[in-house]
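Colleague: Pasting a structure below so you can have a look.
The values are calculated or read from the model by the stated rules, or taken from the named source; none is laboratory data. Since we're looking at a predicted model, the values are computed, not measured. We place every Cβ from the backbone using ideal geometry, glycine too, and count neighbours over all the protein chains shown.
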Amino acid sequence: ESIERDGLIEPIVVRRKGRRYEIIAGERRFRAVRDFTEMETIQAQIVIASDLQARRISAAENLQREDLSAIETIEAIVEIVDAELIEDIEYLSMGKNPADRVKTLLGKLDAVRTSKARNSEISREAKLLFYKFVEQVEKIFKNLPKPLEWLSFYLHDLPLLIDFCEEVQEVSIQHRLNRSQTRALAKLRTASEEEFQRVTAYAQSSPNTEMGHGSTDFWQRDLRDLSAREIEEIAGKAAKKESLKELNRARVSPSPSFEARNLFMARLGIPFDRIAARL
């Protein structure tokens, strides 16, 4: 609507690729103009950029979007860090993908930082790596659109991308959940896969959908509108429900039959007269 009314305020960024142009930054704006307006031309800034430079520009552009979920924000930061360091052979050897490389590097920096704080012995190799990369990493995080401490990112943000299952990440992205909501959703997934599927299914349905038995106001709202505390409340109830199921299964499980106990004790080498006495 704003593009159709005011035009494209910020031009997209492109580079020549053969006889065509490749969009480096502003693909969402390009699609908005193409799909929702009658504009036939679009303002564009043509730059000369290598593949690596294009990657850096694209990563920085993605991070400045206002509608990013926590997972997408973390992915964008990982992409920026990786693009800045990828030409270093030592860094390149730290993993097969950007997330693994960033996790490995920050983990090594944190290990040295912790050892220094404890006055523990640090190997020469670890020291060299620390002093080689720490200033670069600090500069990268300082120059982000929203400056961030690399240690905080490593401890609190990166685990959402590394440790959480793909299913949780997909739902988080779809509903643009923040970090706390995503963590709570992961707790729900751990507590009960069945309840996780039910919550995400009804969150995707229309507000008029009837849930039936056990319906609450939760199900009349988009998942994004639920606070982390509310999601954790659902996870807590799901965990209790699963515990009761396990307890009931244990209570109703049949005791070993006479023949089974007899055979088991015989295999232990217990004489038949003693087996009879025990049974």
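Colleague: Of the residues that sit in the range 102-147 and are of a type in the set (Asp, Glu) and in contact with a helix residue (DSSP H, G or I) (Cβ under 8 Å, 6 or more places away or on another chain), which one is surrounded by the fewest Cβ atoms within 10 Å (Cβ to Cβ)?
Modeller: The selected residue is 121.
Colleague: Yes or no: residue 247 out of contact with any His (no Cβ under 9 Å at 6 or more places or on another chain) and modelled with pLDDT of 75 or more?
Modeller: Criteria met by residue 247.
Colleague: Can you tell me which condition residue 92 does not meet? The list is (1) modelled with pLDDT under 95; (2) more than 20 Å from the chain's Cα centre (by Cα), and all the others hold.
Modeller: Of everything listed in (1) modelled with pLDDT under 95; (2) more than 20 Å from the chain's Cα centre (by Cα), residue 92 misses just condition (1).
Colleague: So, residue 237, is that one modelled with pLDDT of 60 or more and over 27 Å from residue 73 (Cα atoms) or not?
Modeller: Against the criterion (modelled with pLDDT of 60 or more and over 27 Å from residue 73 (Cα atoms)), residue 237 qualifies.
Colleague: Answer yes or no as to whether residue 41 is within 26 Å of the chain's Cα centre (by Cα), polar (S, T, N, Q) and outside the structural domain of residue 171 (by TED's automatic domain parsing).
Modeller: no
Colleague: Does residue 159 fit the bill of being touching a residue at least 60 places away in the same chain (Cβ under 8 Å) and either within 29 Å of residue 51 (Cα to Cα) or loosely packed, with under 15 Cβ neighbours inside 10 Å (or both)?
Modeller: No; evaluated as a whole, the condition is false for this residue.
Colleague: Is there a residue in the range 214-228 that is at pLDDT 90 or above, in a helix (DSSP H, G or I) and surrounded by fewer than 16 Cβ atoms within 10 Å (Cβ to Cβ)?
Modeller: No; the residues of the range 214-228 include none that is at pLDDT 90 or above, in a helix (DSSP H, G or I) and surrounded by fewer than 16 Cβ atoms within 10 Å (Cβ to Cβ).
Yes/no matrix, rows are residues, columns are (1) in contact (Cβ under 8 Å) with a residue 24 or more places away in the chain; (2) over 30 Å from residue 185 (Cβ atoms); (3) in contact with a helix residue (DSSP H, G or I) (Cβ under 7 Å, 6 or more places away or on another chain); (4) not in a helix (DSSP H, G or I):
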site	(1), (2), (3), (4)
21	yes, yes, no, yes
24	yes, yes, yes, yes
28	yes, no, no, no
32	yes, no, yes, no
49	yes, yes, yes, yes
57	yes, yes, no, no
67	yes, no, no, yes
75	yes, no, yes, no
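Colleague: Within the range 62-74, work out how many residues are buried (at least 21 other Cβ atoms within 10 Å of the Cβ) and among the acidic types (Asp, Glu).
Modeller: 0
Colleague: Next up: Among (1) surrounded by 15 or more Cβ atoms within 10 Å (Cβ to Cβ); (2) free of Cβ contacts under 8 Å to residues at least 24 places away in the same chain, which single condition is residue 81 missing?
Modeller: With (1) surrounded by 15 or more Cβ atoms within 10 Å (Cβ to Cβ); (2) free of Cβ contacts under 8 Å to residues at least 24 places away in the same chain applied to residue 81, the lone miss is (2).
Colleague: Among the residues in the range 92-101, are any within 22 Å of residue 170 (Cβ to Cβ) and either surrounded by 17 or more Cβ atoms within 10 Å (Cβ to Cβ) or touching a Leu at 6+ places or on another chain (Cβ under 8 Å) (or both)?
Modeller: Taking the range 92-101 and keeping what is within 22 Å of residue 170 (Cβ to Cβ), we get 96-100.
Among the residues that remain, those that are also either surrounded by 17 or more Cβ atoms within 10 Å (Cβ to Cβ) or touching a Leu at 6+ places or on another chain (Cβ under 8 Å) (or both) are: 98-99.
Yes.
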